[in-house]
Amino acid sequence: MIRLNRRVLERLDPQTPDVDGICTTLQYAIELEHATIPVYLYALYSLDAVRNPEIVKIIESVVFEEMLHMTLAANVLNALGGTPAIGHPGFIPDYPGPLPGGVESELTVSLRPFSMAQLGMFLDIEQPESPIVYKAGRDALEAGKPVTIGQFYTAISVALGQLGDGAFVRPARHQVGPDLMTNAVVVTDVASAQRALAIIIDQGEGTSTSPLEVTGGGYAHYYRFMQIQKQHFLLFDPHVGPGEKAYSYSGEPIAFDPAGVYPVPPDPSAAGYPAGSQQRALCDRFNYTYTALLLALDAFLCGDNTGRQMDVAIGLMMSLKSQAKAMMSGIPDPGRYTGPSFEYQASDPATAR
Amino acid sequence: MSYLHPVRLHFSGKFQANVSTVNNDPGHFNNATFQPAFQELGNGSDNGWFNPQGDASFRLLGCQVMSAFSDNAPVPAGDLVLGCGVADADGRVSAKLADLDPEQQLVSQIWGLQVRLVDGSGATLLRGSYTPAAFCDIWGRAAGGSDMAACATYQSVLTDLEWGDLSGSSFLRQLRDLSAAAGTLSIKFNVDAFCMDFTAADFMCGRIVGSIGPGLPGEPDHLLVGRHFMAQPGGQLNYCTAVVDAAAGCLFLDLGNALPTCGPANALTNLGDLQLGVLDPIVTPDAPAGVVIPLGSIAAATYAGDPAWYARTAGIVVFALDARQLAAVAAAPLALSGAAGVFVGEAASGAWLRADAFVYRLSPGQQVDMAVHAMRWGQPLPGAVVSFVADPGGLQPVNYIDQDETPPVGVPLAAIPFTAEARTGPDGVAWLSMVTGDPGTPRYFGAAQDFGIDGQVYGIRASFADPQLQGPVNETDFISILLWSSFTPPQPLTWNTLQPIFQQYANLYPVMNRFLDMGDYRQVVANAHLLKLAFGLDSGNPNAMPVTRDLSPAKRAAILSWLDNPLEGTPILRQQRAPSGALPQPSSEMANRGGKATAMSRRLSVQHRTHTTLKEQP
């Protein structure tokens, strides 16, 4: 379970919440939601999709929802008159390193090819608080205790409730709605903001009573990943217990074929590849595209909330997928495997401008 | 005047052209005989040539402004432009490079390129959209006869200009002001030294050296209204262009694609000092052919002795002309000459013509008007009659898999009913006009029973009708047309009808396997949302599919409509069959040479020449 530094909530005084404080916290939320994506993508694209099709589908489905979470947090931020800041070098955390705001020293996230050990890290990231422990408001801010991600969003939600509808900019601005992204929520007031944040919580951790998501229809991320560890799909299974216990990992098998993982290096950096090498060139090209995606998303979430700009971003995501799958699988030089480093890079190659 | 202007910058760096090579062989378009091995990295037609996994990306890599001139004087060292990079888009995917057709690979076009000038702090000072352009004047610049030795040139314009904070560059402010009326910049670059070694960092990359100047109202996009120097067969210099600027009292000569190099990416070959002169045609008893008035020389020590010269100048030389010289060049042929075999010069008539846009993708029933610019002594030539003749000689029909099934080119001619002649207007422009017909499916395989290459590719050559105006011919200079087949699918539209299109795409572009198997109905349906996005975009969008731009609007519309309601129909078992004939050649040698060099060698005109030569041998 990620436990966040209380520092991240210090601007959320439940007695006197202020818009600036909530905006600062929401910016942090966007960074946190993004920070897991490179970690998941690195494992995802290290897999030979033919040999590990189920695992590929599961990780891919989680990544899609992390992108939705980023967007939902940005919608709330925009609704309050704030401005998401995505297209800048500080937006990307260092890998390996803690997730933004994390306090648990043992949870260092890293870019690694898929393995059961790396899966363990995914489970750590997504592990929910024990059922029915979503404490709200002042409880969550009890001195001395770190906060879970669920508590973090709940605290924002409570603070928004205290702030009231008057804090929301009218007319609604820069909103990404369900016409552009499935399950996105247009945020115009407290209720819609709380609905958006609830989606983030329940897709990530499940509801307090079920591993099922309220939105999207799948299992929460933790349970989705657990299927890989248990090597079986999770099924509704009324024989094993009542209520939230009526599930078991007894579905179709999920095989992990370790030979279907490309031997890419752990935690690569562009500088770690020899200057002038093909690997450096491929890594630079990927990073330039990745940076372009951050800039495109920045535009998308800061006013260019159009289908056209959404398509620009999707095109970049597809390009990243294509580049990553090629370089990680030994294309163009068979036997030479290059891992993308997910670094902010404003020019290609990095050294030139 | 375009980029040959007293206000211009030169840049240099690398480009990437990550084209896929499975589609280099027209035989690979035959679904019925396609083998998985055709997608593998290798050296010949029995596999996927030298880069089967290419994704068609065209990128500018590490390009830098090398010099800039304001009123022909170098800009002061403190001008911000001198530290600028020349980069591509920073907020969308890379541009794409695509051949017109497997049987016309010698006019590859750049689509969806954005060009930026970026200062040392990363700020974008200029952003412009590159109007899609095809290369021209390809030649073997270095020894070796491969793509590594080839060089070609791209000329186009940047539109939708967005200028940033120009307070640090008086040069850029001047460039902005000069381009304000037309709203465009003129950009030209030369590409050479293409790397085909898949183990190298520069695989599918090469050298790019170019120039940017103001676009002026009324100028064509892709050619210079100037003085055109014609290469000689077997000569050491390639085609090049000059512009005389009487107001500035100078002549700009662009040798960027005209001088040979010692090897790929190497320095320019030392051809000795080069002399620019103009012929004074006045005949005297002492000079029965007239006399050459020297205009200036280019010392070998400059262009060959200084390894940085080419990158710094983009090969552009400026000659100051006095009033007498300006008068002499006004209506007399220019030439650049040196030692034996070193010569390029204008036609004796001083006349030259070319289509501005010379690559067309057309549908049946489409009205098209193609602008052909005629000029003489660098000025638009009004009232000249331009002849148009179908000429497939520069096209490249071949089938390395099955020579008995080489798709024919240029037929049926009736599908391109163009006017045989047109007269230039006051602006020197003649229009080649037609309403296209339907070419049918002359390039389907298996006696037209199997799927094949869509439509037909044609060449049309323009020339002056008046023999007095005719001069040397540039073989690579003609209008290329890909005319698609009409396509009216049976209704209801099902996968059965569209499967060959998707299957061919899956065969030719292994890069698609990173997303889905395009030949698999279920996977296509599962990815319908992404495919609708990609197939629905304008072809100028870098995300448009197919990246090769070889899908007709009719087929594209059918695919989009089917994706809304993807009926499968009754599955049809499609038979694979072996090629009917023997492989014509072990082709690894061809593929080692690369796509362009191989295409050059298989042009119909060259095939005929080879045939004739063989027949003539005892």
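Odds and ends about this structure:
- Of the strands (runs of 3 or more DSSP E) lying entirely inside segment B:352-405, those carrying at least 2 residues that are small (Gly, Ala, Ser) and under 24 Å from residue B:229 (Cβ atoms) are B:367-376.
- Which listed residue is of a type in the set (A, V, I, L, M, F, W, C), in a loop (DSSP other than H, G, I, E, B) and in contact (Cβ under 8 Å) with a residue 40 or more places away in the chain, from B:347, B:328: B:347
- Considering only residues in segment B:325-377 that are touching a strand residue (DSSP E or B) at 6+ places or on another chain (Cβ under 6 Å) and among the polar types (S, T, N, Q), the one that is farthest from residue B:432 (Cα to Cα) turns out to be B:325.
- The test for being outside the structural domain of residue A:50 (by TED's automatic domain parsing), small (Gly, Ala, Ser), in contact (Cβ under 8 Å) with a residue 24 or more places away in the chain and within 30 Å of residue A:117 (Cα to Cα) holds for residue A:319.
- Here is the figure for segment A:275-310: residues that are hydrophobic (A, V, I, L, M, F, W, C) and more than 8 Å from chain B (Cβ to nearest Cβ) total 11.
- Qualifying residue in segment B:522-536 (condition: within 30 Å of residue B:411 (Cβ to Cβ), away from every other protein chain (no Cβ under 14 Å), at pLDDT below 95 and buried (at least 17 other Cβ atoms within 10 Å of the Cβ)): no
- Residue check, residue A:284 surrounded by fewer than 23 Cβ atoms within 10 Å (Cβ to Cβ), part of a helix (DSSP H, G or I) and on the phi < 0 side of the Ramachandran plot: no
- Residue that is modelled with the highest pLDDT [pool: residues in segment A:199-234 that are closer than 15 Å to residue A:61 by Cα and of a type in the set (S, T, N, Q)]: A:227
- Residue B:137 within 19 Å of the chain's Cα centre (by Cα) and at positive phi: yes
- Just one of the numbered conditions (1) surrounded by fewer than 23 Cβ atoms within 10 Å (Cβ to Cβ); (2) away from every other protein chain (no Cβ under 14 Å); (3) over 20 Å from residue B:121 (Cβ atoms); (4) touching a residue at least 12 places away in the same chain (Cβ under 8 Å) is not true of residue B:195: (2).
- Conditions (1) more than 30 Å from residue B:554 (Cβ to Cβ); (2) of a type in the set (Gly, Ala, Ser); (3) in contact with a strand residue (DSSP E or B) (Cβ under 8 Å, 6 or more places away or on another chain); (4) surrounded by fewer than 20 Cβ atoms within 10 Å (Cβ to Cβ); number of the one not met by residue B:301: (3)
- Close contacts from segment B:459-474, counting a first residue that is of a type in the set (Lys, Arg) and a second that is outside any loop (DSSP other than H, G, I, E, B), with Cβ to Cβ under 7 Å and a gap of 6+ residues or different chains, come to B:461/B:389.
- Checked against the criteria, residue A:339 does not count as surrounded by fewer than 23 Cβ atoms within 10 Å (Cβ to Cβ) and more than 10 Å from chain B (Cβ to nearest Cβ).
- Residues in segment A:319-333 that are more than 7 Å from chain B (Cβ to nearest Cβ) and assigned to a helix (DSSP H, G or I): A:320, A:323, A:324, A:327, A:328.
- Strands (runs of 3 or more DSSP E) (entirely within segment B:1-116) containing at least 1 residues that are touching a helix residue (DSSP H, G or I) at 6+ places or on another chain (Cβ under 8 Å) and more than 10 Å from chain A (Cβ to nearest Cβ): B:8-18, B:57-70
- Filter result (among the small types (Gly, Ala, Ser) and out of contact with any Leu (no Cβ under 9 Å at 6 or more places or on another chain)) within segment B:134-154: B:140, B:142, B:143, B:144, B:145, B:146, B:149, B:150
- All positions within segment B:117-149 that are within 14 Å of chain A (Cβ to nearest Cβ) and β-branched (Val, Ile, Thr): B:118, B:124
- Meets criteria (over 22 Å from the mean Cα position of the chain (by Cα) and either aromatic (Phe, Trp, Tyr) or at pLDDT 95 or above (or both)) for residue A:257: yes
- Residues located in segment B:464-480, provided they are crowded, with 17+ Cβ neighbours inside 10 Å and touching a Ser or Thr at 6+ places or on another chain (Cβ under 8 Å): B:464, B:469, B:471
- Pairs where the first residue, in segment A:252-270, is closer than 16 Å to residue A:232 by Cβ and the second is β-branched (Val, Ile, Thr) and assigned to a helix (DSSP H, G or I), C-beta under 7 Å, 6+ apart: A:254/A:55; A:254/A:228; A:256/A:55; A:256/A:228
- Among residues of segment B:228-254 that are within 16 Å of residue B:269 (Cβ to Cβ), those with a beta-carbon under 7 Å from a residue that is among the polar types (S, T, N, Q) and part of a loop (DSSP other than H, G, I, E, B) at least six positions away or on a different chain give the pairs B:231/B:238; B:238/B:257; B:240/B:257.
- Among the residues of segment B:566-618, those identified as modelled with pLDDT under 60 and over 33 Å from the mean Cα position of the chain (by Cα) are B:581, B:582, B:615, B:616, B:617, B:618.
- Checking each residue in segment B:246-284 for being in a strand (DSSP E or B) and over 27 Å from the mean Cα position of the chain (by Cα) picks out B:250, B:274, B:275, B:276, B:277, B:278, B:279, B:280.
- Looking across segment B:436-480, the residues that are part of a strand (DSSP E or B) and either within 22 Å of the chain's Cα centre (by Cα) or within 19 Å of residue B:391 (Cα to Cα) (or both) come down to B:456, B:457, B:458, B:459, B:460, B:461, B:462, B:463, B:464, B:479, B:480.
The values are calculated or read from the model by the stated rules, or taken from the named source; none is laboratory data. Since this is a predicted model, take the numbers as computed values, not measurements. Note that we place each Cβ from the backbone using ideal geometry, even for glycine, and neighbour counts take in every protein chain shown.
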